[in-house]
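The structure under discussion appears below in the form of structure tokens.
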Amino acid sequence: MGKQPGHAVKLSNFYAIMYSMNELIDALKVLEASTVALKFKAHGFHWNCEGDDFPQWHDKFGDIYEDLDGAIDTFAEWIRMLDTNSYAPFSLSRLAALSVVPEASVSSDPIDMANDLCESLDLVTAAIVAACDSATAAKQYGLANFLGDRQTMHQKWCWQLGVAAKDMGD
């Protein structure tokens, strides 16, 4: 008996899906690491902000790092759900190597902090959008929903930080 028609096409589709799934898992590792970095950046800003509006900035940075902290575990769980042989990164050196978030300069000025954090949130949002497109292509709709929710939160935080920084700078 010869090969069935379409067998080679199905096999090539299988390899394409596996390749795209590996790319998706790699993207999730970058997002997990970047979310850890964002969380620590926001937490550092929470600890170190100063000025007349300290309570408002302290609370805002606290809200952001708590939200980010809540997302880290879900990124790690998706990595494991998509491939039980793939491990979520957890060493500080690996997380630092994977993250797209630049380190912050030491500052106590909440306006500088807000601008820095918003720039970092924008970088990670771009990675979230790309991963969401990949998740949709891989028919991982639950993951795409989670990523869409993360995109929304990052956009919300940037909007709030931008408006607050604008009001303070005027």
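Taking every protein chain into account, the 1.4 Å probe leaves T84 with about 90 Å² of accessible area, to the nearest ten. Of all the C-alpha pairs in the chain, what % are more than 25 Å from each other? So the portion of pairs separated by more than 25 Å is 39 percent. Once the Cα atoms are used to define both axes, helix 141-169 deviates from the longest principal axis of the chain by about 20 degrees.
What Kirkwood hydrodynamic radius do you get for region 79-170 when you take the inverse of the mean 1/r over all pairs of distinct Cα atoms, in Å?
After inverting the pairwise mean of 1/r, the radius is 15.2 Å.
If you count only protein heavy atoms with a 1.4 Å probe, what accessible area per residue comes out for the chain, rounded to a whole Å²?
Details: 9850 Å² over 170 residues.
Per residue, the chain has 58 Å² of solvent-accessible surface.
Summed over qualifying helices (DSSP H, 4 residues or more, each -39500 (n - 2.57)) and divided by its residue number, the chain shows a 222 nm mean residue ellipticity of -28500 deg cm²/dmol. Legend: residues Y141, Y65, sorted from most to least accessible area (1.4 Å probe; ligands, DNA and RNA excluded), read Y141, Y65. In this structure, A96 and K166 have a Cβ-Cβ separation that, at R0 = 22 Å, corresponds to a calculated FRET efficiency of about 0.10.
The values are calculated or read from the model by the stated rules, or taken from the named source; none is laboratory data. Note that the structure is a prediction, hence the values are computed from the model and not measured. Positions of Cβ are backbone-derived with ideal geometry, glycine not excepted, and every protein chain shown enters the neighbour counts. Remember, those area values only see protein heavy atoms, side chains included, never the ligands or the DNA or RNA. Shrake-Rupley method; radii C 1.70, N 1.55, O 1.52, S 1.80 Å.
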